[in-house]
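Notes to accompany the following structure.
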Amino acid sequence: MLSLLDSSREYYLLKEKGWDLGHGEIFDSDGNVIGKMNRRLRNIRGLTKLTEVDGTGILKIQRKFFTPRITYDIFESHEDDGKHGMQFARCCRAFTSIIRPKMWLNYDPDKNNKPTKRLDAQGSFAGWNFKVISDGKAIAEVKKLDRFRDLLGPKFLDIADTHAIHILDKDFDRKILLGFIMCIERSLNTKK
């Protein structure tokens, strides 16, 4: 079976369960489970882990507290579940992004730990769809598949979210893209 991060993957389906609590499964275009998202409920900063199906860690996302904007840090996975690997990216949400959310990801730190690259994402109305942009070029699209349920039903009945991801740039690093998209999803479910 191909890895979750294999560059031949063009489509992903993120199926989050449990009232936006940050856990669920990731499927390929054939409906096979290829990865998992797990969130520690007892962690106040919302630690979320992305793993392969066999449990091999890929990355960890954790909300940063005491910042003026919603911010998430992305870390390499660590063999000790209680620790983080090296931080390789930070995702931030714009202050003025209520109706059409805007976020960015700074990544690829240099030797002084300053990011050298940036991704941007602009959402459609209510953040249902996103385009991920790198150097002015769209590299991925994210679509919320169950958006009408959010409009028609009460929030307590919305027990799952489903997002379809289409990778447009086949050569772009999947770890960075999936980390950014998971941060976007976590941010949309976070109340400041």
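The values are calculated or read from the model by the stated rules, or taken from the named source; none is laboratory data. Computed from a predicted structure; not experimentally measured. All Cβ positions, even for glycine, are placed from backbone atoms using ideal geometry, and neighbour counts span all protein chains on display.
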Please pick out the residue among 161, 150 that is modelled with pLDDT under 90, assigned to a helix (DSSP H, G or I), in contact with a helix residue (DSSP H, G or I) (Cβ under 9 Å, 6 or more places away or on another chain) and of a type in the set (D, E, K, R).
150
Within the stretch 91-126, can you find the residues that are farther than 20 Å from residue 65 by Cα, of a type in the set (A, V, I, L, M, F, W, C) and touching a helix residue (DSSP H, G or I) at 6+ places or on another chain (Cβ under 9 Å)?
99, 119, 121, 126
Being within 19 Å of residue 185 (Cβ to Cβ) and in a loop (DSSP other than H, G, I, E, B), is that true of even one residue in the stretch 80-88?
no
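Yes/no matrix, rows are residues, columns are (1) under 13 Å from the mean Cα position of the chain (by Cα); (2) modelled with pLDDT of 95 or more; (3) closer than 22 Å to residue 7 by Cα:
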site: 126; (1), (2), (3): no, no, no
site: 132; (1), (2), (3): yes, yes, yes
site: 139; (1), (2), (3): no, yes, yes
site: 183; (1), (2), (3): yes, no, yes
Looking for whichever is modelled with pLDDT under 90 and surrounded by 15 or more Cβ atoms within 10 Å (Cβ to Cβ) here; the options are 144, 60, 83, 64. Which one fits?
144
Of all residues in the stretch 67-80, how many are touching a residue at least 24 places away in the same chain (Cβ under 8 Å) and either within 19 Å of residue 23 (Cα to Cα) or surrounded by 13 or more Cβ atoms within 10 Å (Cβ to Cβ) (or both)?
5
Residue 46 fails exactly one of (1) modelled with pLDDT of 85 or more; (2) surrounded by 13 or more Cβ atoms within 10 Å (Cβ to Cβ), namely (1)
Could you count how many residues in the stretch 121-141 are free of Cβ contacts under 8 Å to residues at least 24 places away in the same chain and either hydrophobic (A, V, I, L, M, F, W, C) or crowded, with 16+ Cβ neighbours inside 10 Å (or both)?
4
Of everything in the stretch 91-103, what is buried (at least 18 other Cβ atoms within 10 Å of the Cβ) and among the basic types (Lys, Arg)? Give them in sequence order.
93
